[in-house]
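Here's the structure, in structure tokens; my notes come after.
The values are calculated or read from the model by the stated rules, or taken from the named source; none is laboratory data. Treat the numbers as computed from the prediction; the structure is a model and nothing was measured. Cβ placement follows ideal geometry from the backbone for every residue including glycine, while neighbour counts extend to all protein chains displayed. Each accessible area value is taken on the protein alone, full model and side chains, heavy atoms only, with ligands, DNA and RNA left out. Shrake-Rupley method; radii C 1.70, N 1.55, O 1.52, S 1.80 Å.
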Amino acid sequence: MSKNISSNKLSNDEFYSIQRDVLKQWPTGSDVYFEEAVEYHKSIPLEKRFYHALDQAVENNRTLIQPRAGVALSEGHIKLLKYLEEKGGADLLPTTIDSYTRHNRYEEANIGIRESRSQGRSLLNGFPAVNHGIAVCREVTSSVSKPVQVRHGTPDARLLTEITTAGGFTSNEGGGISYNIPYSKNISLEKTIKDWQYCDRLIGLYEEAGVTINREPFGPLTGTLVPPSIAIAVGIIESILAVEQGCTHITVGYGQGGNLIQDIAALKTLKTLTKRYLRFLGHHGITVTTVMHQWMGGFPKDESKSFGVISWGAATAVLGGATKVIVKTPHEAMGVPTMEANAQGLRTTKQLINMLSDQNLSNTPSVNEESELLEMEVESIVNSVQELGEGDFALGTIRAFEAGFIDIPFAPSKFNAGKVLPARDNNGAVRFLSTGDLPFRDDVKTRHKDFLASRAREEKRDVSFQMVIDDVYAISKGNLVGRPKKKKIIK
């Protein structure tokens, strides 16, 4: 078990020693001047700062909408963001980073930029911010009237965080667990936690200089039948790790599961327990908001059916009181969406939010019952991490993954046990077919067995792995629960 890691705040000497090498990874790193970047951020109007927009949403009891979007060239990316802002009505804007940058393959990203220019269309699946550099990033963030967040999926986001933060982005998504285990096979948790501690310490330094940058752990993880308690536990742990480096404004995320009661309970539990753990650990004055990601699994190919999935996600987010919702498009099953389709998803979501904004289901008896179960599960995981790390959450996380106390379904990482199997119960809530080595109480495990046994009786089949397979493909086939086909009776 590794002991070469700690959640203690990086000292300035440690940080600046690492920074010298980070900024040498690509020529644009030489343009980073921290004091100048701080002054630039202080010049950004308040209404264009991510944390302020989220705080206002909480104060006004509103759910904000945000798309995903990113193309290779700055002029095309600016055009895209302006369209989503003006025609889609987006409250918050993204800059999705391309896959080469996510893997620190800047030479190949450069080739993608050149070829995109020569062919007059984006040949990258996102915006290569590191290659474009600080000045171009500032062109992007200053060209729109809404706050802009950088979204990516990068295990080592240190240079990307330096460039984009100096470039005027006021929110950064990701974390050492959520941007590793669901994305990578061979990268160690120890490395990604350390790399993200650097990112969080950088943001902590901005905080100390009077600039607040929103931090958002990635909630959906693999996006496939993730039991809510696992997603919530990871979100809490990444929040703790970020706050320990000096971050003060956290948005914890959750990927829609599909069962309305369970999803609302998950959003409620996510916010309640994140705040509770931060206070318990002595971290006061931390702002916690929430984001719900609309359905992250397979989508129907039919656009009309896709709008149904989008609408269900919109309703879930607003009824659950999410601070913002990440919006999908009716082209999810077909690849990269057009900007018109992206705007359609936004307008659909906005309509549902407007219709349901005066309603909230967070305190119904069924939601409270589900929340109690989730709290027991989450506390079992997070408390075990704290115990294994002897109070150190970075060390505890490494040990928890080694012991299988945290186990993310369908993750490719070899550092993930892969023993947990989820399946839906008879009402479509995500339960545990196998709890693997998760540190749950016996009565909690029994409840999950009972949930799935009830479904098996209804469907007249055994509880088995076939349920998992059926559930993974259900939404793309027009259902939530993967029911077996009824046999035709030949008369």
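Karplus-based coupling profile of the range 248-264, in residue order and whole Hz: 10, 10, 10, 10, 8, x, 8, x, 3, x, x, 8, 4, 5, 5, 5, 5, with θ = phi - 60° in 6.51 cos²θ - 1.76 cosθ + 1.60 and x standing for Gly or Pro. Label sites at Lys191 and Phe34, each approximated as a point 7 angstrom past Cα along Cα to Cβ, lie 2.6 nm apart. Summary of the geometry: the range 64-131 and the range 223-276, compared by the centres of their Cα atoms, lie 28 Å apart. What do you get for the angle between helix 34-43 and the principal long axis of the chain? Use alpha-carbon atoms, 0 to 90 degrees, nearest ten. Roughly 70 degrees between the two axes.
Checking the a/c ratio against 1.5 first, then a/b against b/c, what shape does the Cα gyration tensor give for the range 82-214? It is oblate, given that a/c is not under 1.5 and a/b is not larger than b/c.
Couplings 3J(HN,Hα) of the range 238-245, computed from phi: 5, 5, 4, 4, 5, 5, 5, 9 Hz, in residue order, whole Hz [Karplus 6.51 cos²θ - 1.76 cosθ + 1.60, θ = phi - 60°; x for Gly and Pro]. Residues with beta-carbon under 13 Å from that of Asp13, excluding Asp13: net charge, scoring Lys, Arg +1 and Asp, Glu -1? That works out to +2.
Work out how much length Glu86 to Glu303 would gain on full extension: take 0.36 nm times their residue separation and subtract the Cα-Cα distance, in nm to one decimal. Numbers along the way, then the final one.
Values: separation 217, 0.36 × 217 = 78.12 nm, distance 2.25 nm.
Extending this stretch completely gives an extra 75.9 nm.
Report the full-extension gain for the segment Asp21 to Glu402: residue separation times 0.36 nm, less the Cα-Cα distance, to one decimal in nm. Before the final figure, lay out each step's value.
Values: separation 381, 0.36 × 381 = 137.16 nm, distance 3.01 nm.
Full-extension gain reported as 134.1 nm.
In the chain, what % of DSSP beta bridges are antiparallel (nearest 5)? Don't jump to the answer; show the numbers that get you there.
Numbers: 4 of 27 bridges.
Around 15 percent antiparallel, to the nearest 5.
Between Gly255 and His293, the built amide H atoms are under 5 Å apart, and every one of these is 5 or more places off in sequence or on another chain.
Quick check on the chain: helices-only [θ] at 222 nm, where DSSP H runs of length 4 and up contribute -39,500 (n - 2.57) each and the sum goes over total residues. Nearest 500, please.
Values: 17 runs with 239 residues, N = 491.
Helix contribution divided over all residues of the chain: -15500 deg cm²/dmol.
Legend: calculated FRET efficiency, Asn110 to Arg457, from the Cβ-Cβ distance at R0 = 41 Å, rounded to 0.05, equals 0.10.
Solvent-accessible surface of the chain, averaged per residue with a 1.4 angstrom probe and all protein chains in place: 40 square angstrom. Amide H to amide H, with H built 1.01 Å from N, Ser7 comes under 5 Å of Phe393, Ala394, Leu395, counting only residues 5 or more places away or on other chains.
With θ taken as phi - 60° and the Karplus curve 6.51 cos²θ - 1.76 cosθ + 1.60 applied, the whole-hertz 3J(HN,Hα) list for the range 357-367 is 4, 8, 10, 8, 10, 5, 10, 6, x, 5, 5 Hz, x standing for glycine and proline. Can you work out the PRE-style zone for Gln351? Point 7 Å along Cα to Cβ, and I want the residues of the range 282-297 with backbone N under 20 Å. What the label zone holds, given the 20 Å backbone N cut-off, is 294-295.
Backbone N atoms of the range 286-308 closer than 17 Å to the 7 Å Cα→Cβ label point of Glu340 belong to residues 303-304, 307.
So if I place +1 on the C-beta of Lys and Arg and -1 on the C-beta of Asp and Glu, and nothing else carries charge, what would the dipole magnitude of the range 219-371 be about its Cα centre? I want it in debye, nearest 20.
260 debye
Of the residues Ile203, Leu319, Gly345, the one whose Cα sits farthest toward the positive end of the charge dipole of the chain, with +1 on the Cβ of Lys and Arg and -1 on the Cβ of Asp and Glu, is Gly345.
For the range 75-118, carbon and sulfur atoms together expose 46% of the accessible surface, with a 1.4 angstrom probe and every protein chain in place. Put a dot 7 Å past the Cα of Lys42, heading toward its Cβ, do the same for Ser118, and the two dots end up 4.6 nm apart.
Protection proxy ranking of 34-43, 349-358, 142-151, 234-243, by the mean of other Cβ atoms within 10 Å over each peptide's residues and highest first, is 234-243, 142-151, 349-358, 34-43.
Separation of the range 410-457 from the range 298-346 is 28 Å, based on Cα centroids.
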